[in-house]
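Colleague: Encoded as structure tokens, here's the structure I'll be asking about.
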Amino acid sequence: MHYAYSGKWSGLLPILHHIVTKKDEDCHIDLQTSLFVQEGISPIILSEEDAHRFLHQTFSEEVLYKCYLAFLSEKERIEEGIAQYLLLAGEMGTGIVNYWQHPVVNLIEYQAKKVAREKHLLIGVLRFQPLEGSEMLYAPFEPTYRVIYLLGSAFKRRLNQLPFILHDKKRNIACLHWQSKLLYQEHFFEQHASRKTIKEEDPYEELWRAFFKAVTIESRKNLKCEQQHLPKKYWKYLTEKNLILDAHKTG
Amino acid sequence: MTLLEKLSILADGAKYDASCASCGSTRSSNKGIGANSVAGICHTWTPDGRCVSLLKILLSNDCVYNCKYCYNRLENDHQRATFLPEEIGRLTLEFYKRNYIEGLFLSSAVLKNPDYTMEQLVLSVKKLREEFLFGGYIHLKVIPGADARLVSEAGLWVDRLSVNIEMPTQSSLHWLAPQKKEITIVQSMQQMKAEILSSMEDRKRYAKAPLFAPGGQSTQMVVGASPDTDYDIIGKSNYLYKEMELRRVYYSAFIPVRQDGVLPTDPLPPLKRENRLYQADWLIRVYKFNWKELLNPVQPNLPMDVDPKTHWALAHFDWFPVEINRADFSLLIRIPGIGIQSARKIIQARSIKAIQIEDLKPLHVSTKRAKYFITVNGKSLLPNQSLYPERIREKIADTPPPSLFETGLTLHSAVSGEL
């Protein structure tokens, strides 16, 4: 059958619920492009809450979390992969996570792993800048995957009471932490946390660069190794960006 | 002197300490900011390819000792600086808030005397916890010869403690660092071991019993500044893991401070050797090799052309090929090129269905080295012939890397500019 959804994980759940209960092996899942019911699209009337409950009763946390991670990869047609994976999990049970040889399992595992890896890297390389006249910390970034949904709670644990904004500038999604609450907001644009309000001269940025310079062992330059760990696409928002660029320019 | 200048000097002095772990501790706090994570987090990589996870600094580089290998020794003429505990606290907290670091690594040269230095170190970390309410990771160096009571107090505030053993043999230590006494280093290690264990015992009975260095203790050895062999070094590491229950031993390749004949020039390339020592260290610590399987008095150094696991496998060629659908975990991880992760995946996958050659790629099991040592469902990955160990060795051997030290011999030591 043919399905369409909003593009949100919560919107995908009723479709997955339907596919699993009907054992619909031949499914196509697209993004909904119109407000009206499109021709050939099967309307799903199951609720998100029911779907959530059903899926958590039917599958292990591990299986569902892998699906969620893979979903955040935004890989083309990953929704159908997730549906196939769950159908297979319905037959095999929890053993599915061991079935590395199967192409669908492999797809989900591989995408989930890529997302988890980017999340882990970003917990380290995200940079906060204090906003003028408040305690608010602001971190812009441009991740390859939709990992912002995984980062909010990680930074809440680290920064405890401090308010912060994570800003995925590629997708215009923000994660706001305010008074111990996490809130995700789509269609979040620059003007909401404009660069103008970022402290112009933060002395700690200069101190950090001095530290970075001091701990570099010049005689042991190994730029390839550095770039392997820290790919170029993550340099843009680093406080130490220019130092890294200079090192790579001089070779 | 500005804070910026101080930081530059005191970070420069600490940069040769190799330890970078920032995880595996269990301290939790809900008052201030900062948390420990299960997996180690790197915040950046310097152009030398090393990861930065901690604000690694010296409290002071103003040393009264004159160890031959050390950049900060008394006779070396360079600028001296000392942080105030307040400055260390402020820097750590503000850096953490901006997500530059996981926490603090604090060491020091010997300022006045060991007790005074240790007091200042303890004061700094106590302040960071109590006044700055910092809950992240702290690694503190213990000054050899400092009063046992100061070490006891230090353990209450930090996640990891370490005292650097520097040399694998007493004679080397005596020769290179005459003011450091092995006995005081060992005493500190034993004390920390005892307090870590008793704190763990107490925690089993009372959930609120005080933590003592929950991230355990580690140490560091300088490689290539003394005539000690890998047999001496790994033997010492094995002793430290078994008897002192250390979490990690770090190895730091030595680059001579000056060419005046006092220190030998190591005939082995220092970085390569350091790398081989780490590989051997992982084999005994994680892969459960007995250290004597890797080294013996007749061949007291690790080979440079292949990694120690491959070297072992080639010397025990009658163990191979191993059928990956049958071998147990402990044997799988002895196959060159197959690590802990791959071995786990192999065991998971074969529990569902026998693994075929074409499954290795989707499993992401690298066969570059393993292909000489395995069969997959009875089939060999090699086209038609069986190879002799000597031939395999040639095929696997690293091409000799270009010398890293041909140009620009640095004028400072590659060794911890501290204790």
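Colleague: Looking at this structure, is A:I244 within 11 Å of chain B (Cβ to nearest Cβ) and not charged (D, E, K, R)?
Modeller: Numbers: within 11 Å of chain B (Cβ to nearest Cβ): yes; not charged (D, E, K, R): yes.
Taking the combined requirement at face value, the residue satisfies it.
Colleague: Given the structure, is B:Q385 out of contact with any Phe, Trp or Tyr (no Cβ under 9 Å at 6 or more places or on another chain), more than 10 Å from every other protein chain (Cβ to nearest Cβ), at pLDDT below 95 and part of a helix (DSSP H, G or I)?
Modeller: Considered against the rule, which asks whether it is out of contact with any Phe, Trp or Tyr (no Cβ under 9 Å at 6 or more places or on another chain), more than 10 Å from every other protein chain (Cβ to nearest Cβ), at pLDDT below 95 and part of a helix (DSSP H, G or I), B:Q385 comes out as no.
Colleague: Report, by residue number, each residue of the stretch B:115-128 that is in contact (Cβ under 8 Å) with a residue 60 or more places away in the chain and not polar (S, T, N, Q). Walk me through how you get there before you give the answer.
Modeller: The first filter runs over the stretch B:115-128 and keeps only residues in contact (Cβ under 8 Å) with a residue 60 or more places away in the chain, leaving B:120-121, B:124.
If the condition is that a residue be in contact (Cβ under 8 Å) with a residue 60 or more places away in the chain and not polar (S, T, N, Q), then B:L121 is the only one that fits.
Colleague: While we're here: Would you mind telling me which numbered condition in (1) within 14 Å of chain B (Cβ to nearest Cβ); (2) touching a residue at least 40 places away in the same chain (Cβ under 8 Å) A:L86 fails?
Modeller: Against the list (1) within 14 Å of chain B (Cβ to nearest Cβ); (2) touching a residue at least 40 places away in the same chain (Cβ under 8 Å), A:L86 comes up short only on (1).
Colleague: State which residue is farthest from the chain's Cα centre (by Cα) when the search covers only the stretch B:57-84 and only residues that are outside any loop (DSSP other than H, G, I, E, B) and within 17 Å of B:N113 (Cα to Cα). Step through it out loud before you land on a result.
Modeller: Here is the first cut: in the stretch B:57-84, the ones outside any loop (DSSP other than H, G, I, E, B) are B:57-58, B:60, B:82.
Remaining after also requiring within 17 Å of B:N113 (Cα to Cα): B:58, B:60, B:82.
Numbers: B:L58: 18, B:S60: 23, B:T82: 26 Å.
Once the filter is applied, the top-ranked residue is B:T82.
Colleague: Follow-up. When you scan the stretch A:121-217 for strands (runs of 3 or more DSSP E) that lie fully inside it, which ones turn up with 1 or more residues that are open to solvent by less than 10 Å² (accessible area, probe 1.4 Å) and under 26 Å from B:G135 (Cβ atoms)?
Modeller: In the stretch A:121-217, the matching strands (runs of 3 or more DSSP E) lie at A:137-141, A:164-168, A:173-178.
Colleague: Considering only the stretch B:360-382, state which residues are closer than 14 Å to B:E323 by Cβ, open to solvent by 20 Å² or more (accessible area, probe 1.4 Å) and within 14 Å of another protein chain (Cβ to nearest Cβ).
Modeller: Selection gives B:N377 alone.
Colleague: Here is a further query. Check the stretch A:96-108 and report whether any residue there is more than 14 Å from chain B (Cβ to nearest Cβ) and within 24 Å of A:A4 (Cβ to Cβ).
Modeller: Looking through the stretch A:96-108, none of the residues is more than 14 Å from chain B (Cβ to nearest Cβ) and within 24 Å of A:A4 (Cβ to Cβ).
Colleague: Residues that are basic (K, R), at pLDDT 95 or above and out of contact with any His (no Cβ under 9 Å at 6 or more places or on another chain): list the helices (runs of 4 or more DSSP H) wholly contained in the stretch B:242-361 that include at least 3 such residues.
Modeller: none
Colleague: Residues that are farther than 25 Å from A:L151 by Cα, at least 1 per element: which helices (runs of 4 or more DSSP H) completely within the stretch A:1-115 meet that?
Modeller: Once the helices (runs of 4 or more DSSP H) in the stretch A:1-115 are filtered for at least 1 residues that are farther than 25 Å from A:L151 by Cα, what remains is A:9-22, A:48-58, A:78-92.
Residue-by-condition table, conditions (1) open to solvent by 20 Å² or more (accessible area, probe 1.4 Å); (2) at the interface with another protein chain (Cβ under 9 Å from one of its Cβ atoms); (3) farther than 30 Å from B:W175 by Cβ:
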{"position": "B:S22", "(1), (2), (3)": "no, no, yes"}
{"position": "B:T26", "(1), (2), (3)": "yes, no, yes"}
{"position": "B:I41", "(1), (2), (3)": "no, yes, yes"}
{"position": "B:T44", "(1), (2), (3)": "no, yes, yes"}
{"position": "B:D48", "(1), (2), (3)": "no, yes, no"}
{"position": "B:L55", "(1), (2), (3)": "no, yes, yes"}
{"position": "B:D62", "(1), (2), (3)": "yes, no, no"}
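Colleague: Looking only at the stretch B:359-380, which residues are at positive phi and touching a helix residue (DSSP H, G or I) at 6+ places or on another chain (Cβ under 8 Å)? Lay out the reasoning, then the answer.
Modeller: Step one: list which residues in the stretch B:359-380 are at positive phi, which gives B:364, B:377-378.
B:H364, B:N377 - these are the residues of the stretch B:359-380 that are at positive phi and touching a helix residue (DSSP H, G or I) at 6+ places or on another chain (Cβ under 8 Å).
Colleague: On to the next question. With the requirement that a residue be without any contact (Cβ under 8 Å) to a residue 40 or more places away in the chain and in a helix (DSSP H, G or I), what does the stretch B:85-106 give you?
Modeller: Result: B:E94, single match.
Colleague: Please indicate, with yes or no, whether at least one residue in the stretch A:218-230 is more than 7 Å from chain B (Cβ to nearest Cβ), more than 21 Å from A:T144 (Cα to Cα) and surrounded by 15 or more Cβ atoms within 10 Å (Cβ to Cβ).
Modeller: no
Colleague: Count, please, the residues in the stretch B:210-248 that happen to be in contact with a helix residue (DSSP H, G or I) (Cβ under 7 Å, 6 or more places away or on another chain), over 29 Å from B:C70 (Cα atoms) and surrounded by 18 or more Cβ atoms within 10 Å (Cβ to Cβ).
Modeller: Adding up the residues that qualify gives 2.
Colleague: Then there's this: Give just the number: which of (1) more than 20 Å from A:V115 (Cα to Cα); (2) at pLDDT below 95 does A:G7 not satisfy?
Modeller: Every listed condition holds for A:G7 apart from (1).
Colleague: Please tell me if A:Y110 is open to solvent by 70 Å² or more (accessible area, probe 1.4 Å), touching a His at 6+ places or on another chain (Cβ under 9 Å) and under 30 Å from B:C23 (Cα atoms).
Modeller: For A:Y110, the condition - open to solvent by 70 Å² or more (accessible area, probe 1.4 Å), touching a His at 6+ places or on another chain (Cβ under 9 Å) and under 30 Å from B:C23 (Cα atoms) - is met.
Colleague: Inspect the stretch A:47-59 for any residue being within 11 Å of chain B (Cβ to nearest Cβ), open to solvent by 30 Å² or more (accessible area, probe 1.4 Å) and out of contact with any Leu (no Cβ under 6 Å at 6 or more places or on another chain) and give the result as yes or no. Let's see the steps before the verdict.
Modeller: Step one: of the stretch A:47-59, the residues within 11 Å of chain B (Cβ to nearest Cβ) are none.
No: zero hits.
Colleague: Could I ask something else about it? When you look at B:I234, is it modelled with pLDDT of 95 or more and part of a helix (DSSP H, G or I), yes or no?
Modeller: Values: modelled with pLDDT of 95 or more: yes; part of a helix (DSSP H, G or I): yes.
Yes; evaluated as a whole, the condition is true for this residue.
The values are calculated or read from the model by the stated rules, or taken from the named source; none is laboratory data. A quick note: this is a predicted structure, and the numbers were derived from the prediction, not measured. Every residue, glycine among them, receives a Cβ derived from its backbone with ideal geometry; neighbour counts consider all protein chains shown. We work out accessible area using only protein heavy atoms, side chains counted, and drop any ligands, DNA or RNA first. Shrake-Rupley method; radii C 1.70, N 1.55, O 1.52, S 1.80 Å.
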